[in-house]
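The values are calculated or read from the model by the stated rules, or taken from the named source; none is laboratory data. No experiment lies behind these values; they were computed from the predicted model shown. Using ideal geometry, Cβ is built from the backbone for each residue, glycine included, and neighbour counts are taken over all protein chains shown.
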Amino acid sequence: MAPKTNGQNDEPHVLLVDDERDIRDPLAAYLSRNGVRVSKAANAAEARQTLAAYAIDLVLLDIMMPGEDGLQLTGYIRATSTIPVILLTAKAEETDRIVGLEIGADDYVTKPFSPRELLARIKAVLRRAGDSGGRVQAEDSESYAFGPWVLKSGERELVDQDGVAIPLSSGEYSLLHALVTRPRRVLSRDQLLDLTQGRELAAFERSIDNHISRLRKKIEENASDPKLIKTVWGGGYMFAAEVRKL
């Protein structure tokens, strides 16, 4: 896999959720050509998986979808994060647009729309999000227990069973937090770079391996035979321990 560049890391990462492929694919291609990194989802279940796996900057969300619709998904996003949401709506859905704004959507665009106008709306919403507080993910204040360790998100601190704090760099903390909050899931280097926002690590994904190596020396009983952070050959890494929220 080619290394990520700083330019790629600086691109906003947008999640496009629409069950109509003839809208989803051309729109994703247009945005990708214009400096936006795009992940696609055909339904709410796929969207939730992507939101859990990546640090998304903005969600483009179709209201009318089978099963869990766009309004329900907007409510979930707003309850769990501060990620901006732009609704894609049909002209006849005025009531839904109002409800969407009331439950926390940031803007809406009526179909059929101009991709150029949508791109301008995306940039405007991202500017407002940056002015009002920067990165989109909601702040985590939970504590996570695993093995003899507790990771305290509020304090950004790792302590042992005696309460003694173990020094972690900013990059090491971000990487451990990404792993601990997604236990027993294989996370690729690309996903880990995205979840740790890349900018705290070096530009190349090899830095993930270096940070993993340093983390293992700090938290594993035997760093050469790791039991907590497992390497998945060809896949990435997995946090193998049971994790409990405190």
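Inside the stretch 225-246, can you point out the residues that are surrounded by 14 or more Cβ atoms within 10 Å (Cβ to Cβ) and touching a residue at least 60 places away in the same chain (Cβ under 8 Å)?
Listed by number, the residues that qualify are LEU228, PHE239, ALA241, VAL243.
Please list, ordered by first then second residue, the pairs with beta carbon atoms under 6 Å, 6 or more apart or interchain, first in the stretch 105-118 and assigned by TED's automatic domain parsing to the domain that holds THR74, second assigned to a loop (DSSP other than H, G, I, E, B).
Once the first residue is assigned by TED's automatic domain parsing to the domain that holds THR74 and sits in the stretch 105-118, its partners that are assigned to a loop (DSSP other than H, G, I, E, B) give ASP106/PRO84; THR110/LYS91.
State which residue is farthest from PRO115 (Cα to Cα) when the search covers only the stretch 42-76 and only residues that are of a type in the set (Val, Ile, Thr) and outside any helix (DSSP H, G or I).
ILE56
Based on what the data block shows, is GLY171 over 17 Å from THR231 (Cα atoms), modelled with pLDDT of 80 or more and in the same structural domain as GLY235 (by TED's automatic domain parsing)?
Criteria not met by GLY171.
Against the definition (over 21 Å from VAL125 (Cβ atoms), in the same structural domain as ASP106 (by TED's automatic domain parsing) and not small (Gly, Ala, Ser)), how does ARG21 come out, yes or no?
yes
Does ALA92 qualify as being over 30 Å from VAL243 (Cβ atoms), at pLDDT 80 or above and not in a strand (DSSP E or B)?
Against the criterion (over 30 Å from VAL243 (Cβ atoms), at pLDDT 80 or above and not in a strand (DSSP E or B)), ALA92 does not qualify.
When both residues are 6+ apart or on different chains and their Cβ atoms are under 7 Å apart, which pairs have a first residue that lies in the stretch 154-182 and is under 20 Å from THR80 (Cα atoms), and a second that is surrounded by fewer than 11 Cβ atoms within 10 Å (Cβ to Cβ)?
Here the result reads GLY154/SER141, each pair linking the stretch 154-182 to a residue that is surrounded by fewer than 11 Cβ atoms within 10 Å (Cβ to Cβ).
Is one or more of the residues making up the stretch 75-87 buried (at least 20 other Cβ atoms within 10 Å of the Cβ), closer than 18 Å to VAL125 by Cβ and hydroxyl-bearing (Ser, Thr, Tyr)?
no
Which of (1) aliphatic (A, V, I, L, M); (2) more than 20 Å from ARG127 (Cα to Cα); (3) modelled with pLDDT of 95 or more; (4) in contact with a strand residue (DSSP E or B) (Cβ under 8 Å, 6 or more places away or on another chain) is the odd one out, the single condition ALA29 does not satisfy?
The one condition ALA29 does not meet is (4).
Could you list, in sequence order, all residues of the stretch 158-178 that are more than 18 Å from PHE239 (Cα to Cα) and either assigned to a helix (DSSP H, G or I) or of a type outside the set (S, T, N, Q) (or both)?
ASP162, GLY163, VAL164, ALA165, ILE166, PRO167, SER170
Scan the stretch 24-52 residue by residue and report those that are crowded, with 18+ Cβ neighbours inside 10 Å, touching a residue at least 60 places away in the same chain (Cβ under 8 Å) and within 19 Å of the chain's Cα centre (by Cα).
Result: LEU31, VAL36.
Run down LEU87, LEU151 and say which single residue is farther than 30 Å from ALA240 by Cβ, modelled with pLDDT of 90 or more and touching a Phe, Trp or Tyr at 6+ places or on another chain (Cβ under 6 Å).
None of the others qualify; the one that does is LEU87.
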